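The values are calculated or read from the model by the stated rules, or taken from the named source; none is laboratory data. Fair warning: this is a prediction, and the values are worked out from it, not measured in the lab. So basically every Cβ, Gly included, is an ideal-geometry build from the backbone, and we count neighbours across all protein chains shown.
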Ligand SMILES: Cc1ncc(COP(=O)(O)O)c(C=O)c1O
């Protein structure tokens, strides 16, 4: 019977190729899921090193391509997210089976399969590296769709790491990157039934779309970080930390401090110390000019994302010292109509003075009513009661204490899991409340025995379902009567989509010469 | 569904499958129609999608025949359908006399995809016509008449192509002509050199792996040596890549795995995307002379129809993607391993696997073995065909975009079909 005809909608450009990537990833994921721990460790190390080796170049490239941030800080993040992640999880095991004789259970880790990673423009390369490392540690295949503003550097970073992974024995296609991201393409990838989990780091609309896709998703909400400083804090150290953190990569991390809430009795000393550390405290006039500049019509202007404090000051006609790292903008009341109480991905820090800690906690809650629930908050204090009261009241899932929040909440300067993706949990409409880490990309199959003591549990010691690949995966398709022959056409030829034309021609020429030599004997 | 409208397709209708089969015998081809009914393959294809074909009864089959690679990309591949649908808003078959947009674009793409020595493209409407063009081209270029092929070669049934093949098909039409179309055994270099020595051979035509003969694999070095003999005795080398092209061996053109630059390369079947007939001949500069001398030398109204060119451009693009190449390697690795496991279970029956990429021939220990397997596979939901010229061997040709789960299912079904066919043959032998 002829079906209703002519109903097929046309696929937007790029979508078929994207689907092909997911299909290839599906094959790669199957192969990868049987790898043993030692091989995976080798792949993880080689890939991390390849990423780290070009970290500086990628940091500079990212700043150039996006116009955001500070190259030397990006370098730090890139290293943290490549070799840093490899080192951090060296002792963790996401591969070997776990035998629990007392509970009569054996647990077998099961990778998610195909991970679709959406990465932001703000931490472009670091997030790409981070997600690649998590995928490799857990034997998942990953398809990366970078933010369009950072697509070139992200694609190059992903390709570099993919080549290193495959050279170290990873299955072909386990790391892929979309070169020309677009909304229709991202939608197609997110809703593809073969996508096993989406890791969505980026703006709220994209994260919500990931959750609507029908596929399992780990998406995170936005931040808007309140930082409370009470009179018991070490004010000099606190000032230093806040200025460093707020100026780190020009506030591009979603963990950067948004509103500083200071107990009145400590305000003068703290602000003096902050000024010495590179903050410029804006006068009311200056504050109004900065507010109008950064929040024209009351809405944040993304053109100021990750820009230098001095550039913002200059544009707002505020004279500042050339070494100024952040601008501090005082205001009285944390309410939605106050633009400065909203998230600011630039080195402008709101400042609110409060008479006591209790009002400070209220103000912090008010900041989070605007946005940022489930994300993070910071406190500088030596009073455990204050820290406890603050942490229990403020609706976030991590509170960094006596540390800058940019690197504190992201686990680089605390013992939280180091991450580029902050789970905002139920409070922040997310499925994960922790910092994203490798364990979030696996499930476990549990082999469970009868609890009846009369039913014995077998001895599983030394058994492993995994193996060590002995050659390239997949094997090159040689003729079955000539299995030992070297492939005459190395993969570089047909993979030539990736190589520039001249290079491709050159490779082709060399190969043909070689072949002719062989044929002629 | 009432019987009266059981097979109503709008354009035409039949009361039942039986009526189709009766009328098929009456008006179309009684021999073929009866052959399949008697072989236990009562198939009349209805729906088709991805790598599935459905009998009008609703029975689903995984297509592991693909009409020799025609459905390399699956049936009604979504991208193919879209490309042709869009193209039809602007193009038709075009005018074969004039320079054309689509023909030029495809020719450029084909040349970019092929060994460097190939420089021009001539179009046909099907593989046979393209082979005829290749033969005519070789004759013109060398000013010699004879075309050497292997015994049990298959290059199609058109006027010249049929001469290169088995005499079953040429004698029927009084077209056998051993004088102009000598044959030598496959994998026999001495026999080939004997014939070439006369220096009166225009071209040797070779399937890179002879399909209809059951995919016997060229011995290592055989094709390379044939090419050398061609050079030595001034014969051209025509590579018939109709079944081995388009990524089926894991490279776009199977012949490049041998490092051979053929003088002429023929593609057909899969280049159509399974949607719009087209075939093409790629020739070297030396062979391209007649295109200048008399550009009207070969005329074909449908050859290189512009809609077909657009289909071919899309098919070529899909085949050439790095993702596709990677998948073919996974598929051939996975299915190859699965088949070897099945073989280990039935070593007395399933005696050989001939494989290069997803081009596969499965050998069974009975002169008609593959016919038994074909029938049992059909019952178990797989369509794969025996080799006409060596019925011990089943042609087993999975697609290049098969997904992991379908590959698993295909192997499951294949194992059962092979086991059942083995039991059939064993019990038949008892009664012999
Ligand atoms: C290797 C080979 N060459 C040529 C042909 C002829 O193609 P067509 O049937 O399109 O004329 C075939 C068809 O089966 C073939 O398998």
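State all residues of region A:152-187 that are in a helix (DSSP H, G or I) and within 12 Å of chain B (Cβ to nearest Cβ); if no residue qualifies, say none.
Residues satisfying the conditions are A:159, A:162, A:166.
Hey, among the residues in region B:97-131 that are buried (at least 23 other Cβ atoms within 10 Å of the Cβ) and within 16 Å of the ligand (Cβ to nearest atom), which one's nearest to residue B:187 (Cα to Cα)?
B:131
Among B:94, B:58, B:69, B:74, which is the only one that is away from chain A (no Cβ under 14 Å) and closer than 27 Å to residue B:396 by Cβ?
Result: B:69 is the single residue among B:94, B:58, B:69, B:74 that is away from chain A (no Cβ under 14 Å) and closer than 27 Å to residue B:396 by Cβ.
Looking at region B:317-327, which of the residues that are more than 7 Å from every other protein chain (Cβ to nearest Cβ) and surrounded by fewer than 23 Cβ atoms within 10 Å (Cβ to Cβ) is nearest to residue B:122 (Cα to Cα)?
Per the criteria, the residue is B:317.
Hey, does region B:213-230 have a residue that's within 13 Å of the ligand (Cβ to nearest atom), part of a loop (DSSP other than H, G, I, E, B), more than 14 Å from chain A (Cβ to nearest Cβ) and surrounded by 24 or more Cβ atoms within 10 Å (Cβ to Cβ)?
For region B:213-230, residues within 13 Å of the ligand (Cβ to nearest atom), part of a loop (DSSP other than H, G, I, E, B), more than 14 Å from chain A (Cβ to nearest Cβ) and surrounded by 24 or more Cβ atoms within 10 Å (Cβ to Cβ): absent.
A quick yes/no check of all residues on (1) within 12 Å of the ligand (Cβ to nearest atom); (2) within 17 Å of the chain's Cα centre (by Cα); (3) surrounded by fewer than 24 Cβ atoms within 10 Å (Cβ to Cβ):
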{"position": "B:262", "(1), (2), (3)": "no, no, no"}
{"position": "B:277", "(1), (2), (3)": "yes, yes, yes"}
{"position": "B:281", "(1), (2), (3)": "yes, yes, no"}
{"position": "B:291", "(1), (2), (3)": "no, no, yes"}
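Looking at region A:74-91, can you tell me whether even one residue there is within 14 Å of another protein chain (Cβ to nearest Cβ) and either surrounded by 19 or more Cβ atoms within 10 Å (Cβ to Cβ) or within 30 Å of residue B:334 (Cα to Cα) (or both)?
no
Within the bounds of region A:34-49, is there any residue that is crowded, with 24+ Cβ neighbours inside 10 Å, part of a helix (DSSP H, G or I) and within 14 Å of chain B (Cβ to nearest Cβ)?
For region A:34-49, residues crowded, with 24+ Cβ neighbours inside 10 Å, part of a helix (DSSP H, G or I) and within 14 Å of chain B (Cβ to nearest Cβ): absent.
Restricting the first residue to region A:321-344 and requiring it to be outside the structural domain of residue A:367 (by TED's automatic domain parsing), which pairs with a second residue that is surrounded by fewer than 19 Cβ atoms within 10 Å (Cβ to Cβ) meet a Cβ separation below 7 Å and a spacing of at least six or different chains?
Matching pairs, first to second residue: none at all.
Just checking, which of B:6, B:83, B:64 is within 14 Å of chain A (Cβ to nearest Cβ) and touching a strand residue (DSSP E or B) at 6+ places or on another chain (Cβ under 8 Å)?
Criteria check complete, one pass: B:6.
Identify, please: which residue in region B:240-267 is within 18 Å of residue B:64 (Cα to Cα) and in a loop (DSSP other than H, G, I, E, B) and is, among those, nearest to the other protein chains (Cβ to nearest Cβ)?
The selected residue is B:250.
Being under 18 Å from residue A:85 (Cβ atoms), in contact with a strand residue (DSSP E or B) (Cβ under 9 Å, 6 or more places away or on another chain) and assigned by TED's automatic domain parsing to the domain that holds residue A:203, is that true of even one residue in region A:414-427?
Checking region A:414-427: not a single residue is under 18 Å from residue A:85 (Cβ atoms), in contact with a strand residue (DSSP E or B) (Cβ under 9 Å, 6 or more places away or on another chain) and assigned by TED's automatic domain parsing to the domain that holds residue A:203.
Take residue B:161 and decide whether it is in contact (Cβ under 8 Å) with a residue 40 or more places away in the chain, within 12 Å of the ligand (Cβ to nearest atom) and more than 14 Å from chain A (Cβ to nearest Cβ).
no
Quick grid of which residues meet (1) outside the structural domain of residue A:67 (by TED's automatic domain parsing); (2) more than 23 Å from residue A:422 (Cα to Cα); (3) surrounded by fewer than 17 Cβ atoms within 10 Å (Cβ to Cβ):
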{"position": "A:183", "(1), (2), (3)": "no, yes, yes"}
{"position": "A:192", "(1), (2), (3)": "no, yes, no"}
{"position": "A:209", "(1), (2), (3)": "no, no, no"}
{"position": "A:241", "(1), (2), (3)": "yes, no, no"}
{"position": "A:264", "(1), (2), (3)": "yes, yes, yes"}
{"position": "A:273", "(1), (2), (3)": "yes, yes, no"}
{"position": "A:278", "(1), (2), (3)": "yes, yes, no"}
{"position": "A:282", "(1), (2), (3)": "yes, yes, no"}
{"position": "A:288", "(1), (2), (3)": "yes, yes, yes"}
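Run down B:145, B:139 and say which single residue is surrounded by fewer than 16 Cβ atoms within 10 Å (Cβ to Cβ) and away from the ligand (no atom under 16 Å from the Cβ).
Result: B:145 is the single residue among B:145, B:139 that is surrounded by fewer than 16 Cβ atoms within 10 Å (Cβ to Cβ) and away from the ligand (no atom under 16 Å from the Cβ).
Tell me the residue from B:266, B:242, B:204 that is more than 18 Å from residue B:359 (Cβ to Cβ), within 15 Å of the ligand (Cβ to nearest atom) and in contact with a strand residue (DSSP E or B) (Cβ under 7 Å, 6 or more places away or on another chain), please.
B:204
Could you tell me whether region B:170-182 includes any residue that is within 16 Å of the ligand (Cβ to nearest atom), over 16 Å from residue B:144 (Cα atoms) and within 14 Å of another protein chain (Cβ to nearest Cβ)?
Scanning region B:170-182, I find no residue that is within 16 Å of the ligand (Cβ to nearest atom), over 16 Å from residue B:144 (Cα atoms) and within 14 Å of another protein chain (Cβ to nearest Cβ), so the answer is no.
Kindly provide the set of residues from region A:11-30 that are out of contact with any strand residue (DSSP E or B) (no Cβ under 9 Å at 6 or more places or on another chain), at the interface with chain B (Cβ under 7 Å from one of its Cβ atoms) and more than 12 Å from residue A:192 (Cα to Cα), ordered by number.
A:11, A:17 - these are the residues of region A:11-30 that are out of contact with any strand residue (DSSP E or B) (no Cβ under 9 Å at 6 or more places or on another chain), at the interface with chain B (Cβ under 7 Å from one of its Cβ atoms) and more than 12 Å from residue A:192 (Cα to Cα).
Could you please let me know if residue A:198 is in a strand (DSSP E or B) and at negative phi?
Taking the combined requirement at face value, the residue satisfies it.
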